[in-house]
1. Give the residue, chosen from Asn14, Asn29, Asn89, that is in contact with a Lys or Arg (Cβ under 7 Å, 6 or more places away or on another chain), at pLDDT 95 or above and closer than 25 Å to Gly193 by Cα.
2. Among the residues of segment 81-115, write down those that are among the acidic types (Asp, Glu) and in a loop (DSSP other than H, G, I, E, B).
3. Any residue in segment 145-173 that's over 13 Å from Leu135 (Cα atoms) and small (Gly, Ala, Ser): show its pairings with residues that are in a loop (DSSP other than H, G, I, E, B) and at pLDDT 95 or above at Cβ separation under 7 Å, as long as the two are six or more apart or on different chains.
4. Among the residues of segment 16-42, what is the count of those that are over 19 Å from Tyr159 (Cβ atoms) and in contact with a strand residue (DSSP E or B) (Cβ under 6 Å, 6 or more places away or on another chain)?
5. When the residues of segment 116-132 are narrowed to those that are part of a loop (DSSP other than H, G, I, E, B) and over 18 Å from the mean Cα position of the chain (by Cα), which ends up surrounded by the fewest Cβ atoms within 10 Å (Cβ to Cβ)?
6. Whether any residue in segment 195-205 is under 22 Å from Glu24 (Cβ atoms) and of a type in the set (Gly, Ala, Ser) is what I want to check.
7. Pull up segment 143-186, narrow it to residues that are aliphatic (A, V, I, L, M) and more than 18 Å from Tyr210 (Cα to Cα), then point me to the one that is surrounded by the fewest Cβ atoms within 10 Å (Cβ to Cβ).
Amino acid sequence: MKITILQRNIEWANPVLNVQRADEAIDRNPGSDLYVLPEMFSTGFCTNPEGIAESTDSDTLQWMKNKSASTGAAIAGSIAVTKDGKYYNRFYFVKPDGSVAQYDKKHLFTYGGEHQRFTAGNERVVVEWKGVRILLEICYDLRFPVWARNRGDYDMILYVASWPTPRVSAWSALLVARAIENQCYVAGVNRVGTDPACEYCGGSVIIDPYGKTIAACTMGEECETSAEVDMEKLQAFREKFPVLNDADKI
């Protein structure tokens, strides 16, 4: 399976422009099976979502469905969503047949006030695509390894993020740790640019089960890069060195 990660500079609270730029970025990189966008890729990371969060049938989600259908690839990324008076940081994974899996961020970023307006999810979500089982996670979830612990139920983790520049070293270190400890592929997709609160420098990467970076975006710039998820290689590694069999039970 070929995956392309899309490191974007997100225009604050401008879904039309952000979706247009995402569409163009995908068109510049044809032939992938999966395209992954950052956290809240249509608006930027908002902790005060009034007037910014989108409906559950938003134009952004419809674009994801249309783009998935036209490319034959899955499209993934999170959106600030409002439903029944509540707000969610919702990770959508959209397939070409129109089906949509969704994961609501469990670990809300209390340091930035996300917990004050958003509702946390409590469901772990694994989707299957092109023979790869994929765990969906969002930004701050990366700091909580128990939530991401491989129970033998996935082969790859997707982290979509708005992870600020001052803490990017933690981002990079933890992505490698998750790949090694869970014996899986990891794709971390972070944004670049600025919003009203923070500056972001990216650091988007795809990491193999050995903890080796196999694709990386240029730091501080809009960028797209791709890599192959090799399931034969993963299975051979797991059989040769069956770490997960000895994992603590949770």
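The values are calculated or read from the model by the stated rules, or taken from the named source; none is laboratory data. Everything numeric here is computed off the predicted structure, so don't read it as measured data. Every residue, glycine among them, receives a Cβ derived from its backbone with ideal geometry; neighbour counts consider all protein chains shown.
1. Result: Asn89 is the single residue among Asn14, Asn29, Asn89 that is in contact with a Lys or Arg (Cβ under 7 Å, 6 or more places away or on another chain), at pLDDT 95 or above and closer than 25 Å to Gly193 by Cα.
2. Within segment 81-115, Asp84, Asp97 qualify.
3. Ala161/Pro38; Ala161/Glu39; Ser162/Pro38; Ser162/Glu39; Ser162/Met40; Ser162/Phe45; Ser162/Arg191; Ser172/Gly203
4. 2
5. Checking each candidate, the answer is Gly131.
6. Within segment 195-205, one or more residues are under 22 Å from Glu24 (Cβ atoms) and of a type in the set (Gly, Ala, Ser).
7. By that ranking, first place goes to Val146.
Conditions (1) at pLDDT 95 or above; (2) in a loop (DSSP other than H, G, I, E, B); (3) over 17 Å from Val192 (Cα atoms), marked per residue:
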residue	(1), (2), (3)
Thr4	yes, no, no
Asn18	yes, no, no
Ala22	yes, no, no
Ala25	yes, no, no
Glu39	yes, yes, no
Phe45	yes, yes, no
Asn48	no, yes, yes
Thr60	yes, no, yes
Asn66	yes, no, yes
